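Please treat every number below as a calculation from the coordinates, not as lab data. Given the structure is predicted, the values throughout are model-derived calculations rather than measurements. All Cβ positions, glycine included, derive from the backbone under ideal geometry; neighbour counts span all protein chains shown.
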Amino acid sequence: MTLQEIIDSSDHIVFFGGAGVSTESGIPDFRSTDGLYNQKYNYPPEVILSHSFFMNETEEFFRFYRDKMLYVDAKPNAAHEALAKLEKRGKLKAVITQNIDGLHQAAGSNRVFELHGSVLRNYCMKCGKFHGVDAILNSTGIPRCSCGGIIKPDVVLYEEPLDDYIMKMAEAFVQAADVLIVGGTSLVVYPAAGFVYHYMGDKLVLINKSSTSMDNKAALLINDSIGKVLGELKI
C-alpha cells in the first residue's frame, strides 16, 4: 500500500515526530554539532542543556539558549500543514512531538502533545508567573521576573523527567491508533522513542531520511524528506 492509500482508508491516525520535522523550517538539530559550537562554547550542547548546568552556570546556559534554541521567525512547513489538514478532516487524532518550537500549533494542529515542552512558554521559578518568549529574547544575562526570580524555559532539560500526564495521554493515543506515522526522528532518544512499542496495530509508517532501529517493523518505510512526502498527499 502507498501512504496515500493507508491514509485514505484510515480514520484514527497518530503522528509521532522529531527534529527532522522542524529542520525543514530552518531549525537545526542541535545534536549535529558544527564547528560553531566548538568555537563559541566550552561544552557540548547536551551538557549545556542539562538541569545541573542550568542551575550552576545559568548565565552561560542562557547565552547558548538564546543563540541556538530560539527560532521565533521559523514558519510551519509542508509537513506541519499536511498534519493540520488531516486533523481538520478528522483523520489525525493527535500529534506527539519531541520538538519545542510550537510549529504544529502555528500550522493549525490542536491536539499536540509536546513531550519536551515549548520555548514559547516560560515561568518564574520564584512566583510561578508565566512569561512569553519575549521575556527571554529581550533580556540579557539571566532573565528575571518582576519579583526578582529567574525565568526558566518550560522545556524538559537533560536530567529532568518528562511530564507524566503528557506521557500517559500520548501513550493512550498511540495504543488506540490504527495507523502510526513516525517521521523525522532517528528513534534514539528515550523514553520518547519508546512510544513505537505501545502501538498495537499493523500499519506503522516510518518516514526518515536515515535508517532507524525500527525499520524492519514498518509496514511502509520511506527514506525521504518528511515535508516532501506529506506535502505530496492529497488531503
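Some notes on this structure:
- Nearest 10 degrees, 0 to 90: helix 58-68 Cα axis against the chain principal axis: 40 degrees
- Dipole axis of the stretch 128-192 (+1 Lys, Arg; -1 Asp, Glu on Cβ), positive-most option in Met169, Tyr190, Val156: Val156
- Over the chain, dividing the summed -39,500 (n - 2.57) contributions of all DSSP H runs of at least 4 residues by the number of residues returns a 222 nm mean residue ellipticity of -8000 deg cm²/dmol.
- About its Cα centre, the stretch 90-235 has a charge dipole of approximately 300 debye under the convention of +1 per Lys or Arg Cβ and -1 per Asp or Glu Cβ, with nothing else charged.
- Using alpha-carbon coordinates, inclination of helix 164-176 to the longest axis of the chain, degrees: 10 degrees
- Cα shape, the stretch 105-235, gyration tensor, a/c 1.5 rule: prolate
- Phi to ³J(HN,Hα) by Karplus 6.51 cos²θ - 1.76 cosθ + 1.60 over the stretch 2-9, Hz, x for Gly, Pro: 7, 4, 4, 5, 4, 5, 4, 9
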